[in-house]
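Quick notes on the structure that follows.
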Amino acid sequence: MTFRTTAGALAAILLATTPAMANGDPLKPAGRWTLPERKQARTPPMGWSSWNAFRTELDEDKVIGAARTLVDSGLAKLGYVYVNVDDGWWLKRRQSDGRLLVRTKIFPSAALPNTDSSFRPFTDRIHAMGLKAGLYSDIGRNACSQAYDLHSPNLPEGTTTEREVGLYGHVDQDIALYFRDWNFDYLKVDACGINVYAPGSAVVTQNNYRPFVPLIDQTSINQTDVPGVKALYDDVAQALARYNPDGDYILSLCTWGSADVRRWGKQTGHMWRTSGDITPSWSRMLHNFDSASTRALYAKPGAWNDPDMLFIGHGDFDEKHLTEARSHFALWAIINAPLFIGYDLRNAPASLMNIWRNADIVAVNQDPGGHQGVIAYASDDAQIIVKTLANGKKAVAIFNRGMAPVEVNLTAAHLKFAVDAPIRLRNLWDHKTLAPFTGETSFKLAPRETLIFEASGDRRLKDGVYLSELPGDVNVAEDGILVPEPDPVVHRMIGQWSGTRDTGERPTYAGWGGAQADATPYDQMLAIGGRHFDTGIGILSQSRLEVRNSGERGRFEAIVGIDDSTRNTQDRAQFLVYGDGRLLASSPALAFGDAARPLVADTRGVKVIELVVRTRSKKSGMPIVATWGDAALR
Ligand code: GLA
């Protein structure tokens, strides 16, 4: 149906909003915050993991040694409490009853009489130190090491089925064992088992594994069975909830940014990897950072973008490269990445300890507001990332991505501070406060340097806050993406495994077109009818945002319209604001080129505001780019 007249459009709007139509309508206001209110991971999880330190060559001394250092050095007090055993811990799946056996040669405390095993003494010890314990598994039958670490002394042993140590077909049994019996607090669930064990593949035939028709194709979102992958992880999430009635657990999804996990990870787990594995290379760090840094609106308390664990202490981030190591840390901190140390903590030099132990930077990451930093300035040379803190101040990271020194101008506008009032910056590396500036200041950055400050000043919006300053209070319930497309704005490095033998890495992580803070879904500047906005939410039509009105602000306002960058210039879209499920305000169906329209809603007493954009005609099948310009709560 197409609407040519305003009257026709209005009639259609009335029809479309009758309750009868609402059934099965994803844009129907939910009237509540629909993400699970998780007890754990209210701030990004922190701790230590064996993987980047030891790969599969871990053992109990190494893990307990790390735990001891966390406690003795004060790191645990700062929040580094999860001690995670990654791949390599298992011996086999016992065939008489399907029980997983621990490789007691490397975890001696797990040995029980009669060849049985239990991690309970290990987790008891970790818990007695005031820490929490994490374990690793795979969503398929086989794990990653069984394909990629074939030289490892710690691969599962035995027959084909004894070596099937992953969760597939054993979810209830394994989760009961890991959480009810062994008392773990955290589970990372990898995905190699549903990715690299294709029928007829060399790894399957040479190692006598049972083949698994891949659900994930890491190079093609179109060939990935997204609902199939999600269903497997949802099954694990449900088992975890069953065996952890107190809610004290974390589920870490490890599909390496594939399977459109950006969209559904927040519903299923506490954190989800946004990219392939990090390596100790600057270029790879950029790749992993970029995979998470543009997705601020998808992270929030209980649900975090995970660009992978820290690689500080190795390669480009070792003791001889402290500038790079500090940058890696500051960047992970400001985008609310989980902070997992991946270094042999039994022998860590003070220079590295002082990075992980920087309480001011950890506090930025762990700020209770849970707002991921938003990119305020972007280029391939330098970036400025600004994060709203719960106390109304800001953290700002100024990042030199390249090998040349750069000069960076930091403006009040980047910080959303008033241009005519003094702004104070406290350097979180040397803890010194700089002389105040008004309007603008500048910094010279060494190659690969990141400066990070706490910023205080008068807010530009004196009596309120812009919505894009509060990504932790926004849930992108529907983002309007019709067909997932790979995100082209992620740094692409020379293949760490293939070199330049192939044609180079192509965009792989779906997410292009996802809702953005202060940019359109395709990374353009927000603009309606020729008017530009430096703040707002960019999203596609057929979308629904839930906004937690935790501050109980009395008024929502925005200037709305079809964005000037839209490819669909033929169709109209309507903007609607709901409060706890009730329609509070709506625009007419707006067309491309129409002037920006103010939209104001009285949100007094409202707990959840919902912002819906509905497509109101169907001349083109293309998505419409919609802009909530200057969207604010006052
Ligand atoms: C995958 C994961 C890594 C690590 C290894 C273990 O590659 O992405 O983080 O857990 O498996 O084999």
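FYI, it's all coordinate maths here, none of it is from the lab. The shown structure was predicted, so the numbers you read here are calculated from the model rather than taken from an experiment. All Cβ positions, even for glycine, are placed from backbone atoms using ideal geometry, and neighbour counts span all protein chains on display.
Numbers at a glance
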read-out: The chain, Rg to Rh (Cα coordinates; Rh as Kirkwood inverse mean 1/r); value: 0.98
read-out: Label-point separation, VAL483 to ARG567 (7 Å along Cα→Cβ), nm; value: 0.9
read-out: Rounded, prolate or oblate (a/c below 1.5 giving rounded, otherwise prolate when a/b exceeds b/c) for region 175-276 by Cα gyration tensor; value: oblate
read-out: Per principal axis, descending, Cα span of region 375-456 in whole Å; value: 34, 24, 23
read-out: Per-residue HN-Hα couplings for region 316-327 [Karplus 6.51, -1.76, 1.60; θ = phi - 60°; Hz; x = Gly/Pro]; value: 5, 10, 8, 4, 7, 10, 6, 4, 5, 4, 5, 4
read-out: Rg ratio (alpha-carbon, reference 2.2 N^0.38 Å) - region 465-633; value: 1.12
read-out: Ratio of the Cα radius of gyration of region 70-191 to 2.2 N^0.38 Å, where N counts its residues; value: 1.07
read-out: Other-chain or far-sequence residues with amide H under 5 Å of LYS132's (modelled H); value: TYR82, VAL83
read-out: Positive minus negative residues near LYS92 (Lys, Arg vs Asp, Glu; Cβ under 12 Å); value: +2
read-out: Hydrodynamic radius by Kirkwood, which averages 1/r over all alpha carbon pairs of region 583-634, in angstrom; value: 13.2
read-out: Sequence-distant residues sharing a close amide H with SER617 (under 5 Å, placed H); value: ARG572
read-out: Full-extension gain in nm, ARG120 to GLN206, via 0.36 nm per residue minus C-alpha separation; value: 27.4 nm
read-out: Tensor-based shape of region 347-491 (alpha-carbon gyration tensor, a/c under 1.5 rounded, otherwise prolate or oblate); value: rounded
read-out: Three-way shape label, region 449-544, alpha-carbon gyration tensor, a/c 1.5; value: oblate
read-out: Beta bridges by DSSP in the chain, antiparallel share as percent, to the nearest 5; value: 80
read-out: Amide H partners (placed H, <5 Å) of ARG459, local residues excluded; value: ALA418
read-out: Label point distance in nm, ASP380-ALA435, each placed 7 Å from Cα along Cα→Cβ; value: 3.7
read-out: Karplus-derived 3J(HN,Hα), 6.51/-1.76/1.60, for each residue of region 46-63, Hz, glycine and proline x; value: 9, x, 9, 10, 6, 5, 5, 7, 10, 6, 7, 8, 9, 7, 4, 4, 5, 6
read-out: Surrounding net charge for GLU454, when Lys and Arg each add one and Asp and Glu each subtract one, Cβ distance under 12 Å; value: +4
read-out: Förster radius 41 Å - calculated FRET efficiency between LYS320 and ALA111 (Cβ-Cβ, nearest 0.05); value: 0.50
read-out: Per-residue HN-Hα couplings for region 79-87 [Karplus 6.51, -1.76, 1.60; θ = phi - 60°; Hz; x = Gly/Pro]; value: x, 6, 10, 7, 10, 10, 8, 8, 4
read-out: Potential lengthening between ASP181 and LYS462 on full extension [0.36 nm per residue; Cα-Cα distance subtracted]; value: 95.8 nm
